[in-house]
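See below for the structure under consideration.
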Amino acid sequence: MLTRLGGASRGAFEALNLGGSVEDDPRAVAANHRRVFHSLGIEPDRVVSPHQVHGSAVARVDGSDGGEVIPETDALITDEPGLALFLRFADCVPVLFYDAEHRAVGLAHAGWRGTAAGVVPACVRAMTSAFGTQPQNLWAGIGPAIGPDHYEVGIEVVEAVRATLPAPAGIAERRDGRWYLDLPGAVAAQLAGLDVGGVAPSGICTACRTDEWYSHRAEDGKTGRFGVIVWIAEA
């Protein structure tokens with residue numbers, strides 16, 4: 001999990017912006033990527049990233065995908081050691097998966113659209129199909145994301161997310177005539193409904209902590225993207 005600190009970007013994108021589609025200087029973005037991969041000891045041709053579209057597509061990747069961008073995908077899974085999965089965020093929920101029994105990992109991008117579309121259940125099902133993962137033996141981490149105090153949405157968004165949950169109560173609150181959605185809470189509820197054995201919420205609200213994290217909502221859409229990278233260590 002990478003904060004926004006320590007990079008080459010300036011202005012609204014300060015400092016470790018890893019998103020290439022936010023009107024930042026491409027040279028700064030490239031420098032930030034080099035800095036991250038060097039500091040983690042990862043070769044760029046051993047990194048796989050998707051073109052995130054707020055959907056539910058999951059791709060299983062291996063070494064042949066190294067250095068590639070997978071089109072129109074919001075979750076990646078792999079059991080290949082040393083192959084890094086790399087996604088970008090700025091309020092949407094990062095969901096990290098680890099199956100210790102089968103030495104497999106996954107990483108999902110869950111905004112409200114992806115959550116409503118079922119990207120989190122799709123990722124769990126994909127790991128079960130690909131690796132034999134048993135949900136009760138799966139660990140899931142919920143990364144920094146916008147919290148319910150700041151995520152004002154329309155009722156149609158609340159209803160779309162509620163429709164995916166086994167117990168929809170408690171993930172939205174109406175205050176002063178406005179609806180506020182607990183998106184990390186909705187993801188946690190989906191994971192519980194899937195019988196995922198270990199769920200670890202970060203409890204970090206990106207909109208509250210723009211000193212360390214990018215927040216599309218809190219920064220009026222003019223901001224960068226922080227990165228999340230997961231991989232299986234070489235044996």
Checklist entry - Could you list, in sequence order, the residues of region 127-146 that are farther than 12 Å from VAL187 by Cα and assigned to a loop (DSSP other than H, G, I, E, B)? => result GLY132, THR133, GLN134, PRO144, ILE146
Item to check | Breaking point among (1) surrounded by 13 or more Cβ atoms within 10 Å (Cβ to Cβ); (2) over 20 Å from the mean Cα position of the chain (by Cα), for PRO26 | outcome: (1)
Checklist outcome for this item: Residues of region 47-84 being more than 15 Å from ALA110 (Cα to Cα) and in contact (Cβ under 8 Å) with a residue 60 or more places away in the chain, in sequence order, are VAL47, ARG60, THR78, ASP79, GLU80, PRO81, GLY82, LEU83, ALA84
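Listed here are the residues, each with its yes/no results for (1) outside any strand (DSSP E or B); (2) surrounded by fewer than 18 Cβ atoms within 10 Å (Cβ to Cβ).
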residue: ILE77; (1), (2): no, no
residue: GLY82; (1), (2): yes, yes
residue: ARG88; (1), (2): no, no
residue: PHE97; (1), (2): no, no
residue: GLY106; (1), (2): no, no
residue: THR115; (1), (2): yes, no
residue: ARG125; (1), (2): yes, yes
Checklist entry - Tally time: how many residues in region 187-204 are hydrophobic (A, V, I, L, M, F, W, C) and part of a loop (DSSP other than H, G, I, E, B)? => result 3
Checklist entry - Can you name the condition, by its number, that ALA218 falls short on among (1) more than 24 Å from LEU85 (Cβ to Cβ); (2) part of a strand (DSSP E or B)? => result (2)
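This table checks each residue for (1) out of contact with any helix residue (DSSP H, G or I) (no Cβ under 7 Å at 6 or more places or on another chain); (2) more than 24 Å from ASP91 (Cβ to Cβ); (3) at pLDDT 95 or above; (4) not hydroxyl-bearing (Ser, Thr, Tyr).
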| site | (1), (2), (3), (4) |
| --- | --- |
| THR3 | yes, no, yes, no |
| GLU14 | yes, no, yes, yes |
| VAL36 | yes, no, yes, yes |
| ALA57 | yes, no, yes, yes |
| VAL61 | yes, yes, yes, yes |
| SER64 | yes, yes, yes, no |
| GLY67 | no, yes, yes, yes |
Item to check | Within region 59-69, considering residues that are of a type in the set (A, V, I, L, M) and either under 15 Å from the mean Cα position of the chain (by Cα) or in a loop (DSSP other than H, G, I, E, B) (or both), the one farthest from TRP231 (Cα to Cα) | outcome: ALA59
Item to check | Those residues of region 177-235 which are small (Gly, Ala, Ser) and on the phi > 0 side of the Ramachandran plot, in sequence order | outcome: GLY177, GLY203, GLY221
Next on the checklist: Can you go through ILE171, ILE146, ILE229 and tell me which one is within 30 Å of ARG46 (Cβ to Cβ) and surrounded by 18 or more Cβ atoms within 10 Å (Cβ to Cβ)?
Outcome noted: ILE229
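The values are calculated or read from the model by the stated rules, or taken from the named source; none is laboratory data. From a predicted model like this one, the values you see are computed outputs, not experimental measurements. Ideal geometry is used to build each Cβ from the backbone, glycine not excepted, and the neighbour counts take in all protein chains shown.
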